[in-house]
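A short worksheet on the structure shown next.
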Amino acid sequence: MEITVQCCKQSKNDPFDDNDSENGTLLPGLPDDLAQRCLSSLSPSLLFSVCHSWRRLLYSPSFPPFFSLYALLSPLHNPTMALHREVVPQSTIVFFSFDPISLSWRPLPSPPQNPSFHLLRRHPSFLSRNLPIQSLTVSNHLIVIAATTQNLFPALSSPLVFHPESNIWFYGPQISAPRRWCAAGSAQDVVYMASGFGSHYQGDVARSLEQWDLNKKRENWGWENKAGLKDGRFSREAVEAVGCRGKLCMVNVKGNALKEGAVYNVGLDKWEDMPVGMVAGWNGPAASMDEDEIYVIDEVNGRLSKYDGEKDCWVKVIELEQLKRAEHIAAGRGKICAVSAKGERIIVVDVRDKPTRFWEVEPPCGLEVVAVHVLPRMISRQH
(Lines give C-alpha, C1' and ligand atoms only; values in the text may rest on other atoms or scores of the structure.)
Protein backbone atom coordinates (compact mmCIF):
# COMPACT_ATOMS: atom_id res chain seq x y z
CA MET A 1 0.00 0.00 0.00
CA GLU A 2 1.20 3.48 -0.85
CA ILE A 3 0.35 6.17 1.69
CA THR A 4 0.37 9.91 1.06
CA VAL A 5 -0.29 11.88 4.22
CA GLN A 6 -0.41 15.65 4.18
CA CYS A 7 -1.82 17.98 6.80
CA CYS A 8 -1.70 21.74 7.16
CA LYS A 9 1.03 23.75 5.48
CA GLN A 10 3.74 22.59 3.12
CA SER A 11 7.28 22.69 4.44
CA LYS A 12 9.16 25.89 3.71
CA ASN A 13 12.35 23.97 2.96
CA ASP A 14 13.30 24.41 -0.68
CA PRO A 15 15.26 21.74 -2.57
CA PHE A 16 17.21 24.35 -4.49
CA ASP A 17 18.56 27.85 -3.99
CA ASP A 18 16.13 30.78 -4.35
CA ASN A 19 18.35 32.31 -7.02
CA ASP A 20 18.62 29.11 -9.05
CA SER A 21 17.57 29.88 -12.65
CA GLU A 22 15.72 32.92 -11.29
CA ASN A 23 16.56 35.10 -14.25
CA GLY A 24 17.61 32.40 -16.69
CA THR A 25 15.85 30.91 -19.64
CA LEU A 26 14.01 27.59 -19.47
CA LEU A 27 16.61 25.77 -21.59
CA PRO A 28 19.89 27.52 -22.47
CA GLY A 29 20.20 28.17 -26.19
CA LEU A 30 16.48 27.80 -26.94
CA PRO A 31 13.74 30.46 -27.03
CA ASP A 32 11.18 29.95 -24.25
CA ASP A 33 8.32 28.97 -26.58
CA LEU A 34 10.36 26.13 -28.07
CA ALA A 35 11.71 25.15 -24.65
CA GLN A 36 8.17 24.94 -23.33
CA ARG A 37 7.23 22.51 -26.10
CA CYS A 38 10.19 20.34 -25.15
CA LEU A 39 9.46 20.46 -21.41
CA SER A 40 5.75 19.72 -21.81
CA SER A 41 6.59 16.04 -22.36
CA LEU A 42 8.21 15.73 -18.93
CA SER A 43 6.30 14.66 -15.84
CA PRO A 44 4.98 17.50 -13.64
CA SER A 45 6.83 16.10 -10.60
CA LEU A 46 10.15 16.41 -12.44
CA LEU A 47 9.42 19.98 -13.55
CA PHE A 48 8.50 20.90 -9.99
CA SER A 49 11.71 19.54 -8.47
CA VAL A 50 14.45 20.78 -10.82
CA CYS A 51 14.45 24.59 -10.63
CA HIS A 52 12.30 27.67 -10.02
CA SER A 53 11.94 28.58 -13.69
CA TRP A 54 10.57 25.13 -14.52
CA ARG A 55 8.30 25.25 -11.49
CA ARG A 56 6.90 28.62 -12.57
CA LEU A 57 6.31 27.18 -16.04
CA LEU A 58 4.44 24.22 -14.54
CA TYR A 59 1.92 26.55 -12.86
CA SER A 60 1.71 29.16 -15.60
CA PRO A 61 -1.50 29.72 -17.61
CA SER A 62 0.26 28.75 -20.84
CA PHE A 63 1.33 25.30 -19.64
CA PRO A 64 -1.02 22.27 -19.94
CA PRO A 65 -2.58 21.84 -16.47
CA PHE A 66 -2.16 18.69 -14.43
CA PHE A 67 -5.15 17.49 -12.44
CA SER A 68 -5.73 18.00 -8.71
CA LEU A 69 -8.21 17.09 -6.01
CA TYR A 70 -10.81 19.68 -5.04
CA ALA A 71 -12.64 19.26 -1.76
CA LEU A 72 -15.58 20.75 0.05
CA LEU A 73 -14.64 20.69 3.74
CA SER A 74 -16.33 21.40 7.05
CA PRO A 75 -14.88 22.08 10.52
CA LEU A 76 -14.59 18.95 12.64
CA HIS A 77 -17.83 18.23 14.45
CA ASN A 78 -17.88 18.78 18.22
CA PRO A 79 -21.10 17.19 19.58
CA THR A 80 -20.51 18.57 23.06
CA MET A 81 -20.37 22.16 21.85
CA ALA A 82 -23.39 21.58 19.62
CA LEU A 83 -25.53 20.83 22.69
CA HIS A 84 -25.11 24.36 24.08
CA ARG A 85 -28.01 26.68 23.39
CA GLU A 86 -25.76 29.56 22.39
CA VAL A 87 -24.53 27.65 19.34
CA VAL A 88 -25.72 29.49 16.24
CA PRO A 89 -25.68 27.71 12.88
CA GLN A 90 -23.38 29.35 10.37
CA SER A 91 -21.68 28.78 7.06
CA THR A 92 -19.50 25.73 7.66
CA ILE A 93 -18.16 24.90 4.21
CA VAL A 94 -14.74 25.87 2.86
CA PHE A 95 -13.12 24.96 -0.45
CA PHE A 96 -9.57 23.63 -0.87
CA SER A 97 -7.46 22.08 -3.61
CA PHE A 98 -4.84 19.37 -3.05
CA ASP A 99 -1.83 19.66 -5.32
CA PRO A 100 -0.49 16.12 -5.97
CA ILE A 101 2.89 17.48 -7.08
CA SER A 102 3.75 19.69 -4.10
CA LEU A 103 1.61 17.48 -1.79
CA SER A 104 -0.06 20.50 -0.24
CA TRP A 105 -3.54 21.89 0.32
CA ARG A 106 -4.40 25.40 -0.90
CA PRO A 107 -7.60 27.28 -0.18
CA LEU A 108 -9.66 28.41 -3.14
CA PRO A 109 -10.47 32.12 -3.46
CA SER A 110 -13.44 33.14 -1.33
CA PRO A 111 -16.81 32.68 -3.07
CA PRO A 112 -18.81 35.83 -3.80
CA GLN A 113 -20.72 37.14 -0.80
CA ASN A 114 -23.44 38.92 -2.74
CA PRO A 115 -25.95 37.44 -2.29
CA SER A 116 -25.00 36.30 1.20
CA PHE A 117 -23.30 32.93 1.05
CA HIS A 118 -24.26 30.32 3.68
CA LEU A 119 -24.02 26.57 3.13
CA LEU A 120 -24.96 24.74 6.30
CA ARG A 121 -23.55 21.30 7.07
CA ARG A 122 -25.08 20.83 10.53
CA HIS A 123 -27.90 22.40 12.49
CA PRO A 124 -28.44 22.25 16.28
CA SER A 125 -31.96 20.93 15.68
CA PHE A 126 -30.62 17.91 13.77
CA LEU A 127 -27.53 16.76 15.66
CA SER A 128 -27.53 13.26 14.21
CA ARG A 129 -27.86 14.32 10.58
CA ASN A 130 -25.55 16.05 8.13
CA LEU A 131 -27.39 18.37 5.78
CA PRO A 132 -26.66 17.65 2.10
CA ILE A 133 -24.46 19.95 0.04
CA GLN A 134 -24.52 18.84 -3.58
CA SER A 135 -21.69 19.55 -5.99
CA LEU A 136 -20.50 18.20 -9.31
CA THR A 137 -17.95 18.83 -12.04
CA VAL A 138 -18.89 19.75 -15.59
CA SER A 139 -16.59 20.88 -18.41
CA ASN A 140 -13.72 21.49 -15.94
CA HIS A 141 -15.92 23.60 -13.66
CA LEU A 142 -16.80 22.91 -10.01
CA ILE A 143 -20.52 23.52 -9.48
CA VAL A 144 -22.42 23.69 -6.18
CA ILE A 145 -26.09 23.24 -6.98
CA ALA A 146 -28.08 22.62 -3.79
CA ALA A 147 -27.67 23.23 -0.06
CA THR A 148 -29.48 24.54 3.04
CA THR A 149 -29.36 27.83 4.96
CA GLN A 150 -29.46 28.25 8.74
CA ASN A 151 -33.22 28.85 8.44
CA LEU A 152 -33.63 25.53 6.62
CA PHE A 153 -34.35 27.13 3.25
CA PRO A 154 -32.62 26.49 -0.09
CA ALA A 155 -29.22 28.19 -0.01
CA LEU A 156 -28.73 28.75 -3.74
CA SER A 157 -31.07 30.47 -6.17
CA SER A 158 -28.40 29.99 -8.85
CA PRO A 159 -25.59 27.41 -9.09
CA LEU A 160 -22.28 28.56 -7.63
CA VAL A 161 -19.47 27.90 -10.12
CA PHE A 162 -15.67 27.87 -9.81
CA HIS A 163 -13.35 27.79 -12.84
CA PRO A 164 -9.89 26.56 -11.69
CA GLU A 165 -7.93 27.72 -14.72
CA SER A 166 -8.97 31.34 -14.16
CA ASN A 167 -9.41 31.17 -10.34
CA ILE A 168 -12.82 32.80 -10.66
CA TRP A 169 -16.15 32.16 -8.92
CA PHE A 170 -19.42 33.16 -10.54
CA TYR A 171 -23.11 32.27 -10.52
CA GLY A 172 -24.88 30.25 -13.18
CA PRO A 173 -28.43 30.82 -14.46
CA GLN A 174 -31.21 31.29 -11.93
CA ILE A 175 -33.02 28.14 -10.83
CA SER A 176 -36.81 28.34 -11.18
CA ALA A 177 -37.38 26.33 -7.98
CA PRO A 178 -34.29 26.35 -5.69
CA ARG A 179 -33.79 23.16 -3.70
CA ARG A 180 -32.25 21.99 -0.46
CA TRP A 181 -31.57 18.66 -2.12
CA CYS A 182 -32.26 16.92 -5.43
CA ALA A 183 -30.89 14.37 -7.87
CA ALA A 184 -28.00 16.14 -9.59
CA GLY A 185 -25.56 15.06 -12.27
CA SER A 186 -24.17 15.74 -15.72
CA ALA A 187 -23.82 14.18 -19.15
CA GLN A 188 -22.08 15.55 -22.24
CA ASP A 189 -21.27 18.88 -20.50
CA VAL A 190 -24.92 19.42 -19.56
CA VAL A 191 -26.03 19.79 -15.92
CA TYR A 192 -29.21 17.97 -14.90
CA MET A 193 -31.31 18.64 -11.81
CA ALA A 194 -34.16 16.22 -11.14
CA SER A 195 -36.81 16.09 -8.45
CA GLY A 196 -35.83 17.44 -5.05
CA PHE A 197 -37.14 19.35 -2.07
CA GLY A 198 -37.22 23.12 -1.53
CA SER A 199 -38.47 24.96 1.53
CA HIS A 200 -41.40 22.50 1.43
CA TYR A 201 -42.59 19.62 -0.72
CA GLN A 202 -44.03 20.49 -4.13
CA GLY A 203 -45.34 17.72 -6.36
CA ASP A 204 -44.45 19.42 -9.65
CA VAL A 205 -40.86 20.05 -8.45
CA ALA A 206 -40.54 16.47 -7.17
CA ARG A 207 -41.42 15.15 -10.65
CA SER A 208 -39.42 17.69 -12.66
CA LEU A 209 -36.22 17.45 -14.70
CA GLU A 210 -34.29 20.50 -15.89
CA GLN A 211 -31.05 20.92 -17.81
CA TRP A 212 -28.42 23.63 -18.12
CA ASP A 213 -26.26 23.27 -21.22
CA LEU A 214 -22.70 24.54 -20.70
CA ASN A 215 -21.94 23.93 -24.38
CA LYS A 216 -23.86 27.11 -25.19
CA LYS A 217 -22.39 30.59 -24.97
CA ARG A 218 -22.63 32.07 -21.50
CA GLU A 219 -25.13 34.73 -22.55
CA ASN A 220 -27.46 31.93 -23.70
CA TRP A 221 -27.27 29.90 -20.50
CA GLY A 222 -30.54 28.96 -18.85
CA TRP A 223 -32.54 26.06 -17.43
CA GLU A 224 -34.75 24.08 -19.79
CA ASN A 225 -37.57 21.74 -18.79
CA LYS A 226 -37.21 18.14 -19.94
CA ALA A 227 -39.32 15.00 -19.62
CA GLY A 228 -40.50 14.67 -16.03
CA LEU A 229 -40.45 11.68 -13.69
CA LYS A 230 -43.60 9.61 -13.23
CA ASP A 231 -43.78 10.38 -9.49
CA GLY A 232 -41.97 12.18 -6.66
CA ARG A 233 -40.11 9.23 -5.16
CA PHE A 234 -36.72 10.72 -6.01
CA SER A 235 -37.31 13.72 -3.74
CA ARG A 236 -36.58 11.82 -0.53
CA GLU A 237 -32.89 12.67 -0.27
CA ALA A 238 -29.88 14.02 -2.14
CA VAL A 239 -28.68 11.47 -4.71
CA GLU A 240 -26.17 11.29 -7.56
CA ALA A 241 -27.38 11.23 -11.15
CA VAL A 242 -24.49 9.48 -12.88
CA GLY A 243 -23.90 10.25 -16.57
CA CYS A 244 -22.67 7.36 -18.72
CA ARG A 245 -22.82 6.74 -22.46
CA GLY A 246 -25.58 9.24 -23.16
CA LYS A 247 -27.72 8.24 -20.20
CA LEU A 248 -28.26 9.52 -16.67
CA CYS A 249 -28.60 6.80 -14.02
CA MET A 250 -29.83 7.26 -10.46
CA VAL A 251 -31.45 5.48 -7.52
CA ASN A 252 -33.85 7.12 -5.09
CA VAL A 253 -32.30 5.97 -1.78
CA LYS A 254 -28.69 5.81 -0.62
CA GLY A 255 -26.94 2.78 0.84
CA ASN A 256 -28.23 -0.79 1.11
CA ALA A 257 -31.89 0.10 1.66
CA LEU A 258 -34.59 -1.13 -0.70
CA LYS A 259 -34.62 1.24 -3.64
CA GLU A 260 -35.74 1.82 -7.18
CA GLY A 261 -33.73 3.15 -10.08
CA ALA A 262 -34.39 5.25 -13.15
CA VAL A 263 -32.45 5.96 -16.33
CA TYR A 264 -32.85 9.10 -18.41
CA ASN A 265 -31.97 8.79 -22.10
CA VAL A 266 -30.43 12.16 -22.98
CA GLY A 267 -30.81 11.83 -26.75
CA LEU A 268 -34.43 10.66 -26.66
CA ASP A 269 -35.52 12.85 -23.71
CA LYS A 270 -37.13 9.76 -22.22
CA TRP A 271 -37.10 7.92 -18.91
CA GLU A 272 -36.40 4.18 -18.84
CA ASP A 273 -36.36 1.45 -16.21
CA MET A 274 -32.98 0.75 -14.66
CA PRO A 275 -31.65 -2.78 -15.38
CA VAL A 276 -32.33 -5.18 -12.49
CA GLY A 277 -28.66 -6.02 -11.92
CA MET A 278 -27.63 -2.37 -11.88
CA VAL A 279 -30.11 -1.34 -9.20
CA ALA A 280 -29.44 -4.49 -7.14
CA GLY A 281 -25.72 -3.69 -6.80
CA TRP A 282 -26.04 0.08 -6.36
CA ASN A 283 -25.38 -0.02 -2.61
CA GLY A 284 -23.39 3.11 -1.99
CA PRO A 285 -21.91 6.22 -3.63
CA ALA A 286 -21.37 6.03 -7.39
CA ALA A 287 -19.52 7.95 -10.10
CA SER A 288 -18.62 7.55 -13.76
CA MET A 289 -15.15 7.53 -15.27
CA ASP A 290 -15.12 9.74 -18.37
CA GLU A 291 -18.84 8.99 -18.81
CA ASP A 292 -17.86 5.52 -20.02
CA GLU A 293 -17.85 3.30 -16.92
CA ILE A 294 -19.83 3.47 -13.67
CA TYR A 295 -18.16 2.60 -10.36
CA VAL A 296 -19.90 2.07 -7.02
CA ILE A 297 -18.68 1.39 -3.49
CA ASP A 298 -20.71 -0.97 -1.32
CA GLU A 299 -20.63 0.99 1.90
CA VAL A 300 -21.12 -2.13 4.06
CA ASN A 301 -18.23 -4.30 2.88
CA GLY A 302 -16.03 -1.65 1.23
CA ARG A 303 -16.14 -3.29 -2.19
CA LEU A 304 -15.40 -1.07 -5.21
CA SER A 305 -17.12 -2.47 -8.32
CA LYS A 306 -17.51 -1.56 -11.98
CA TYR A 307 -20.76 -2.07 -13.86
CA ASP A 308 -20.80 -4.51 -16.79
CA GLY A 309 -23.67 -3.42 -19.05
CA GLU A 310 -23.57 -6.52 -21.25
CA LYS A 311 -24.00 -8.94 -18.35
CA ASP A 312 -25.99 -6.51 -16.15
CA CYS A 313 -23.77 -7.15 -13.14
CA TRP A 314 -21.18 -5.43 -10.99
CA VAL A 315 -17.57 -6.66 -11.25
CA LYS A 316 -15.35 -6.38 -8.18
CA VAL A 317 -12.27 -4.17 -8.55
CA ILE A 318 -10.98 -4.16 -4.96
CA GLU A 319 -12.33 -4.56 -1.43
CA LEU A 320 -10.84 -2.39 1.31
CA GLU A 321 -11.54 -1.86 4.97
CA GLN A 322 -10.88 1.86 4.38
CA LEU A 323 -13.79 2.06 1.91
CA LYS A 324 -16.42 0.84 4.36
CA ARG A 325 -19.09 3.50 5.00
CA ALA A 326 -17.65 5.68 2.22
CA GLU A 327 -19.81 8.79 1.86
CA HIS A 328 -18.94 10.19 -1.56
CA ILE A 329 -16.79 9.31 -4.56
CA ALA A 330 -15.44 11.01 -7.65
CA ALA A 331 -13.77 9.50 -10.70
CA GLY A 332 -11.23 10.95 -13.10
CA ARG A 333 -7.86 10.32 -14.77
CA GLY A 334 -8.13 6.60 -14.06
CA LYS A 335 -8.58 7.08 -10.32
CA ILE A 336 -11.48 6.68 -7.90
CA CYS A 337 -11.37 9.19 -5.03
CA ALA A 338 -13.53 8.22 -2.06
CA VAL A 339 -14.45 10.21 1.04
CA SER A 340 -14.09 7.87 4.02
CA ALA A 341 -16.52 7.52 6.90
CA LYS A 342 -16.96 10.82 8.79
CA GLY A 343 -14.80 12.58 6.19
CA GLU A 344 -11.57 11.66 7.99
CA ARG A 345 -9.55 11.08 4.80
CA ILE A 346 -9.66 10.61 1.04
CA ILE A 347 -8.84 7.17 -0.34
CA VAL A 348 -7.48 7.23 -3.90
CA VAL A 349 -7.68 4.01 -5.91
CA ASP A 350 -5.82 3.75 -9.22
CA VAL A 351 -8.06 1.38 -11.18
CA ARG A 352 -5.68 1.33 -14.15
CA ASP A 353 -2.90 -0.39 -12.22
CA LYS A 354 -2.67 -4.19 -11.95
CA PRO A 355 -2.68 -5.04 -9.15
CA THR A 356 -4.86 -2.14 -8.08
CA ARG A 357 -3.03 0.42 -5.92
CA PHE A 358 -4.47 2.78 -3.37
CA TRP A 359 -3.25 5.49 -1.02
CA GLU A 360 -4.66 8.03 1.38
CA VAL A 361 -4.76 11.81 1.55
CA GLU A 362 -5.48 13.54 4.85
CA PRO A 363 -7.55 16.75 4.82
CA PRO A 364 -6.19 20.03 6.17
CA CYS A 365 -5.96 20.15 9.97
CA GLY A 366 -9.24 20.71 11.78
CA LEU A 367 -11.40 19.95 8.74
CA GLU A 368 -13.37 16.96 7.49
CA VAL A 369 -14.16 16.15 3.87
CA VAL A 370 -17.72 16.58 2.60
CA ALA A 371 -17.14 15.92 -1.11
CA VAL A 372 -14.21 15.58 -3.50
CA HIS A 373 -13.74 16.22 -7.22
CA VAL A 374 -11.02 15.93 -9.88
CA LEU A 375 -10.26 19.08 -11.88
CA PRO A 376 -7.32 20.90 -13.50
CA ARG A 377 -5.00 22.62 -11.05
CA MET A 378 -5.45 26.26 -10.19
CA ILE A 379 -3.27 28.92 -11.80
CA SER A 380 -0.56 30.11 -9.42
CA ARG A 381 2.15 32.74 -9.61
CA GLN A 382 3.62 31.90 -6.20
CA HIS A 383 5.75 28.87 -7.08
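Among the criteria (1) at negative phi; (2) touching a residue at least 40 places away in the same chain (Cβ under 8 Å); (3) not small (Gly, Ala, Ser), the one Gln188 does not fulfil is (1).
Quick one: is Pro364 at pLDDT 95 or above, farther than 26 Å from Pro132 by Cβ and not β-branched (Val, Ile, Thr)? The answer is no for Pro364.
With respect to Phe197, determine if the residue is of a type in the set (Phe, Trp, Tyr), in contact with a strand residue (DSSP E or B) (Cβ under 8 Å, 6 or more places away or on another chain), over 13 Å from Ile145 (Cβ atoms) and open to solvent by 40 Å² or more (accessible area, probe 1.4 Å). Before the answer, list the steps.
Values: of a type in the set (Phe, Trp, Tyr): yes; in contact with a strand residue (DSSP E or B) (Cβ under 8 Å, 6 or more places away or on another chain): yes; over 13 Å from Ile145 (Cβ atoms): yes; open to solvent by 40 Å² or more (accessible area, probe 1.4 Å): yes.
Yes; evaluated as a whole, the condition is true for this residue.
Scoring Tyr70 on the criteria (1) modelled with pLDDT of 90 or more; (2) open to solvent by 20 Å² or more (accessible area, probe 1.4 Å); (3) not hydrophobic (A, V, I, L, M, F, W, C); (4) not in a loop (DSSP other than H, G, I, E, B) leaves a single failure, condition (2).
Could you go through the stretch 139-146 and let me know if any residue there is open to solvent by 20 Å² or more (accessible area, probe 1.4 Å), in contact with a Ser or Thr (Cβ under 8 Å, 6 or more places away or on another chain) and touching a residue at least 12 places away in the same chain (Cβ under 8 Å). Don't jump to the end; show me each part of the working.
Step one: filter the stretch 139-146 for residues open to solvent by 20 Å² or more (accessible area, probe 1.4 Å), giving 139-141.
Checking the rest, the ones that are also in contact with a Ser or Thr (Cβ under 8 Å, 6 or more places away or on another chain) come to none.
The answer is no; no qualifying residue exists.
On the stretch given as the stretch 192-214, residues that are assigned to a loop (DSSP other than H, G, I, E, B) and of a type in the set (S, T, N, Q) total 3.
Of the residues making up the stretch 256-286, those that are assigned to a loop (DSSP other than H, G, I, E, B) and either without any contact (Cβ under 8 Å) to a residue 24 or more places away in the chain or among the small types (Gly, Ala, Ser) (or both) number 6.
Residues of the stretch 318-355 being over 14 Å from Met289 (Cα atoms) and open to solvent by 40 Å² or more (accessible area, probe 1.4 Å), which ones? Passing the criteria: Glu319, Glu321, Gln322, Lys324, Arg325, Glu327, Lys342, Glu344, Arg345, Asp353, Lys354, Pro355. Quick one: would you say Leu229 is open to solvent by 10 Å² or more (accessible area, probe 1.4 Å), of a type outside the set (Lys, Arg), in a loop (DSSP other than H, G, I, E, B) and over 22 Å from Ile175 (Cα atoms)? It is false that Leu229 is open to solvent by 10 Å² or more (accessible area, probe 1.4 Å), of a type outside the set (Lys, Arg), in a loop (DSSP other than H, G, I, E, B) and over 22 Å from Ile175 (Cα atoms).
Exactly one residue among Asn220, Asn225 is free of Cβ contacts under 8 Å to residues at least 24 places away in the same chain and farther than 16 Å from Tyr264 by Cβ, and that residue is Asn220. All told, Ser157 meets the bar of being closer than 24 Å to Arg218 by Cβ, in contact with a Pro (Cβ under 7 Å, 6 or more places away or on another chain), modelled with pLDDT of 90 or more and loosely packed, with under 14 Cβ neighbours inside 10 Å.
Looking at Lys306, is it of a type in the set (Lys, Arg), farther than 23 Å from Leu73 by Cα and open to solvent by 20 Å² or more (accessible area, probe 1.4 Å)? Outline the logic, then answer.
Details: of a type in the set (Lys, Arg): yes; farther than 23 Å from Leu73 by Cα: yes; open to solvent by 20 Å² or more (accessible area, probe 1.4 Å): yes.
When the stated conditions are applied, Lys306 passes them.
Would you point out the residue of the stretch 126-138, among those that are polar (S, T, N, Q) and at pLDDT below 95, that is nearest to the chain's Cα centre (by Cα)?
Pass one, the stretch 126-138, residues polar (S, T, N, Q): 128, 130, 134-135, 137.
With the extra rule that they be at pLDDT below 95, the set shrinks to 128, 130.
Details: Ser128: 24, Asn130: 17 Å.
Per the stated criteria, the residue is Asn130.
The values are calculated or read from the model by the stated rules, or taken from the named source; none is laboratory data. No experiment lies behind these values; they were computed from the predicted model shown. We place every Cβ from the backbone using ideal geometry, glycine too, and count neighbours over all the protein chains shown. All accessible areas refer to the heavy atoms of the entire protein, side chains included, with ligands and DNA or RNA removed. Shrake-Rupley method; radii C 1.70, N 1.55, O 1.52, S 1.80 Å.
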